[in-house]
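Worksheet: the structure to be examined is printed underneath.
The values are calculated or read from the model by the stated rules, or taken from the named source; none is laboratory data. The structure displayed is predicted, hence computed values, not measured ones. Cβ: placed from backbone, ideal geometry, glycine included. Neighbour counts: every protein chain shown.
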Amino acid sequence: MSFITEQSVILRLAVLPHGLSDMIKASKAHLNQYLFNLLPTTQSLLLGYKDIELIGETAALTYHSSHIHFTARCTLLLFRPEPESLIHATIKHTWPHFIYLLFRGSLPVYVPDPGVKYIYRQGVYCDKDTGEQLTTDMVLQVRVKSFGVRKGSYAITCSMDDPEYRIISKPEPVATEAETSIYDAVDSVSTVCQDPGGPYYDADEYEAIDDKTKEIDADFYQEPINDHV
């Protein structure tokens, strides 16, 4: 399942007066500030945009802002994992109360309920029934519960408390090759490092959705993104 969608939207934007000479260029410059951030009110990650088109020939001024307000139509490329969907994520670190993983090699994933299936002992989670340990670079199948801001950054929150939770794969043992020194007859070991990264999004991996236009009252450009998250 792809969580990347292409959506036509209407945005209420604002630029400073010096941007009126080229409002398309000014709109792009300000939209760039939102790339790879959660868009206000949408809870989606902005991956890209195209086809900006101004709507109407009028703009508005307000007493409490020096910006020129106007509306524009454009197409957004958005990422948002669907709640209750299953994803494969790679373990990167474990803590006593949660596990930190990565989805597609870059998106943070938090699992706050490992205690339902595992016991935390000496820095390692062990299966309550079998004793099997969860280790770095294991790939788990977990259930998406939400997507939003966690501790100042966007993250996917998932759960292990699910009948379809399972371990998908385990890291391969590090390959070694014994070499005997002709000088002192002492064996040396050369290590081949394994690539810990996971798969990444293909640039063309997105789903075109219906032609419905969704109005987003994002109020772009007047406040930094952190004020919305």
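For the stretch 24-45, give me each residue that is touching a strand residue (DSSP E or B) at 6+ places or on another chain (Cβ under 6 Å) and hydrophobic (A, V, I, L, M, F, W, C). Once the filter is applied, which keeps residues that are touching a strand residue (DSSP E or B) at 6+ places or on another chain (Cβ under 6 Å) and hydrophobic (A, V, I, L, M, F, W, C), the stretch 24-45 yields 24, 26, 31, 35, 38, 39, 45.
Within the stretch 100-113, one or more residues are assigned to a loop (DSSP other than H, G, I, E, B) and within 12 Å of residue 158 (Cβ to Cβ). Of all residues in the stretch 45-59, none satisfies the criterion of being within 16 Å of residue 78 (Cβ to Cβ) and more than 30 Å from the chain's Cα centre (by Cα). Residue count for the stretch 115-169 satisfying the condition of being in a strand (DSSP E or B) and not hydrophobic (A, V, I, L, M, F, W, C): 18. Filtering the stretch 60-82 down to residues that are aromatic (Phe, Trp, Tyr) and either within 28 Å of the chain's Cα centre (by Cα) or outside any strand (DSSP E or B) (or both), which residue is nearest to residue 45 (Cα to Cα)? So, considering only residues that are aromatic (Phe, Trp, Tyr) and either within 28 Å of the chain's Cα centre (by Cα) or outside any strand (DSSP E or B) (or both), the one nearest to residue 45 (Cα to Cα) is 79.
Every residue, every condition in (1) surrounded by 16 or more Cβ atoms within 10 Å (Cβ to Cβ); (2) hydroxyl-bearing (Ser, Thr, Tyr); (3) modelled with pLDDT of 90 or more; (4) touching a Pro at 6+ places or on another chain (Cβ under 6 Å), yes or no:
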{"residue": "56", "(1), (2), (3), (4)": "no, no, no, no"}
{"residue": "64", "(1), (2), (3), (4)": "no, no, no, no"}
{"residue": "70", "(1), (2), (3), (4)": "yes, no, no, no"}
{"residue": "73", "(1), (2), (3), (4)": "no, no, yes, no"}
{"residue": "78", "(1), (2), (3), (4)": "yes, no, yes, no"}
{"residue": "82", "(1), (2), (3), (4)": "no, no, yes, no"}
{"residue": "85", "(1), (2), (3), (4)": "no, yes, yes, no"}
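Tallying residues that are crowded, with 17+ Cβ neighbours inside 10 Å and under 14 Å from residue 11 (Cβ atoms) within the stretch 43-54 yields 4. Being assigned by the TED database to the domain that holds residue 8, modelled with pLDDT of 90 or more and in contact with a Lys or Arg (Cβ under 9 Å, 6 or more places away or on another chain) is a property that does not hold for residue 158. Using the structure shown, decide if residue 42 is assigned to a loop (DSSP other than H, G, I, E, B), closer than 28 Å to residue 106 by Cα and either more than 21 Å from the chain's Cα centre (by Cα) or not acidic (Asp, Glu) (or both). Answer is yes for this residue.
Yes/no per residue for (1) under 20 Å from the mean Cα position of the chain (by Cα); (2) at negative phi; (3) at pLDDT 95 or above:
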| residue | (1), (2), (3) |
| --- | --- |
| 94 | yes, yes, no |
| 98 | yes, yes, no |
| 106 | yes, yes, no |
| 111 | yes, yes, yes |
| 115 | no, yes, no |
| 124 | no, yes, no |
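Considering every residue within the stretch 19-38, establish whether at least one is part of a loop (DSSP other than H, G, I, E, B) and among the hydrophobic types (A, V, I, L, M, F, W, C). Yes, because at least one residue in the stretch 19-38 is part of a loop (DSSP other than H, G, I, E, B) and among the hydrophobic types (A, V, I, L, M, F, W, C). Screening the stretch 66-102 for residues that are free of Cβ contacts under 8 Å to residues at least 60 places away in the same chain and of a type in the set (Phe, Trp, Tyr) and picking the one that is nearest to residue 167 (Cα to Cα) gives 100. Scanning the stretch 4-40 for residues that are surrounded by 13 or more Cβ atoms within 10 Å (Cβ to Cβ), of a type in the set (S, T, N, Q) and under 16 Å from residue 72 (Cα atoms) yields 7, 8, 27.
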